[in-house]
Amino acid sequence: MVGRSTARNISRNSACEVRPYTELDEHNVVALAETVRAMDPGAPHIDGSRWRYLCTDPHADPETHFRVLETSEGEIVGLGYRFDLPRHDGGRFRAVCVIVHPDHRRNGAGAELFQAIAVEDDRDPMDQGWHLATVVDNRSLAGLPFAKAMGFKKSSQRLVLARELPGRPLPDIDSDASLERFLGANAYKDWAALNNEAFAGVEGVPPVTADELEDGRPESFRPEHVRFARIGNERVGFLFLRETSEGGYIESLGVSPKARGKAVGTALAAWALGYLHERGHSSCEIVVDERNKAALKIFTRLGFEETARRTYLVKKPRTRRRRAR
């Protein structure tokens, strides 16, 4: 979440108007995101491919969940979007992101966008019981004050780890796992099963289906972006990476609990480094929960170093007060 504002007198102080997003806004939205990131390194990285990936996410509907902030001259100076995700405890939460050009952050624009996409209406039964969630990068000076002003509180923190490619030589890896390409009729089914097994109960990682993985593939997806790890006759781990104009990203890496401690994750991550280097990328990045000591040990051993911290914040749903009789 990027922006700083106050929720008071929003309409009166804002010289902009919030309106629904349309497909015709794609170019201008991407241009805005890239401009903001150049000015604020903590802003989300959104290029054309990434934006189209967000627009096809199975938990988001651009027509109802995305909004843009437009000046009276027709210039887009802000955008906001959300994803409606299931919680492992049976509840629901909305992941919210707000991006506002620095020149428009002090006139209530960020708060106006937030209210437009968070949609907390106590009168609507369909809009009750939602936990709101957002992410703030510590490189963004405005992000955390804005999130706190909107009522968010810290939930957890994740570390952004990066490694230059080729970087220092990789250590010797002693693993019983063999790596397999993303092939076969059951590839998406196995990917979903491994994901759900590896991340069962992890906050902010909802279970997925094979159809959701297939339908939500990023535009730049290649079968080579997924690798399975096998021990014996069973697939026990997976890795999914992404390629962008800024470098390579390990989007997700999961290992079955029964195969942990067997260097499966290390073997998968080492493969990703080699693949991205061969593809001409100069760096690789991954985000890891600071409480995940096993993952931090893997990536530290492979030469990754911390470059930033991202705070995950939540805002619990409001509870109705019972009227005294």
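Readers should treat all values here as calculations from the given coordinates under stated rules, not as data from a laboratory. Keep in mind it's a predicted model, so treat the numbers as computed, not measured. Quick reminder, even Gly has a Cβ in these numbers, built from the backbone with ideal geometry, and neighbours come from all protein chains shown.
Nearest 20 debye, what's the magnitude of the dipole of the chain about its Cα centre given +1 on Lys and Arg Cβ and -1 on Asp and Glu Cβ?
Values: 48 positive and 47 negative charges, 395 e Å.
Here the size comes out at about 1900 debye.
What is the spin-label model distance, in nm, from Ala31 to Val287 if the labels are put 7 Å beyond Cα along the C-beta direction?
That separation, rounded to one decimal, is 2.7 nm.
So how do Arg310, Arg67 line up by other beta-carbon neighbours within 10 Å, fewest first? Write down the numbers at each step before the final one.
Details: Arg310 20, Arg67 23.
Ordered by Cβ neighbours within 10 Å, fewest first: Arg310, Arg67.
Past the 18 Å Cα-Cα mark, which pairs from Lys148/Lys293; Lys154/Lys293; Lys189/Lys262; Lys154/Lys316; Lys293/Lys316; Lys153/Lys315?
Numbers: Lys148/Lys293 28 Å; Lys154/Lys293 20 Å; Lys189/Lys262 24 Å; Lys154/Lys316 11 Å; Lys293/Lys316 28 Å; Lys153/Lys315 6 Å.
Flagged as over cut-off: Lys148/Lys293; Lys154/Lys293; Lys189/Lys262; Lys293/Lys316.
Quick one: which residues, 5+ away or cross-chain, put their amide H under 5 Å from the amide H of Leu165? H built at 1.01 Å from N.
Amide H neighbours of Leu165: Ser283, Cys284.
Once a ≥ b ≥ c are taken as the square roots of the eigenvalues of the Cα gyration tensor of the range 161-310, is the result rounded (a/c under 1.5), prolate (a/b larger than b/c) or oblate (a/b not larger than b/c)?
Details: a/c = 1.34, a/b = 1.22, b/c = 1.10.
Because its axes are fairly even, with a/c under 1.5, the range 161-310 counts as rounded.
Taking the Cα centre of the range 161-310 as the origin, how large is its charge dipole in debye, to the nearest 20, when only Lys and Arg (+1) and Asp and Glu (-1) carry charge on their Cβ atoms? Show your work: numbers first, answer last.
Numbers: 20 positive and 24 negative charges, 92 e Å.
Here the size comes out at about 440 debye.
What is the chain by shape, rounded, prolate or oblate, if you read a ≥ b ≥ c off the alpha carbon gyration tensor as root eigenvalues and call it rounded for a/c under 1.5, prolate for a/b larger than b/c, and oblate otherwise?
Numbers: a/c = 1.96, a/b = 1.59, b/c = 1.23.
Here the chain falls in the prolate category.
Let me check I've understood the local charge: for Arg52, count other residues with C-beta under 9 angstrom from its C-beta, Lys and Arg +1, Asp and Glu -1. What total comes out? Could the numbers behind the result be given before it?
Values: positive: Arg50; negative: Glu26, Glu219.
Net local charge, Arg52 excluded: -1.
Put +1 on the Cβ of each Lys and Arg and -1 on the Cβ of each Asp and Glu in the chain; which of Tyr188, Pro317, Leu144 then has its Cα farthest toward the positive end of the dipole?
Value computed over the given set: Pro317.
Quote the FRET efficiency, to the nearest 0.05, computed for Leu183 versus Ser155 with a Förster distance R0 of 35 Å and r equal to the Cβ-Cβ distance.
Values: r = 38 Å, r/R0 = 1.08.
It comes to 0.40.
Can you tell me how the range 10-151 classifies by the Cα gyration tensor, rounded, prolate or oblate, using a/c under 1.5 as the rounded cut?
Cα axes put the range 10-151 in the rounded bin.
Pick from Ala177, Ala198, Ala15: which is most flexible by mean-square fluctuation in a GNM of the chain where alpha carbon atoms under 10 Å apart are linked?
Ala15
Got a sec to turn the phi values of the range 179-194 into Karplus ³J(HN,Hα) couplings, 6.51 cos²θ - 1.76 cosθ + 1.60 with θ = phi - 60°, whole Hz, x for Gly and Pro?
Going residue by residue, I get 9, 10, 6, 7, 9, x, 5, 9, 4, 5, 5, 5, 4, 4, 4, 5 Hz, with x marking Gly and Pro.
In the range 161-310, with Lys and Arg counted as +1 and Asp and Glu as -1 at Cβ, which of these residues, Gly216, Trp271, Ile250, has the Cα nearest the positive end of the dipole, that is, farthest along it?
Going by the Cα projections, it comes out as Trp271.
Sort Asp103, Asp61 so the one with the fewest other Cβ atoms within 10 Å of its own Cβ comes first. Before the final figure, lay out the partial values.
Details: Asp103 10, Asp61 14.
Least crowded to most crowded, the residues run Asp103, Asp61.
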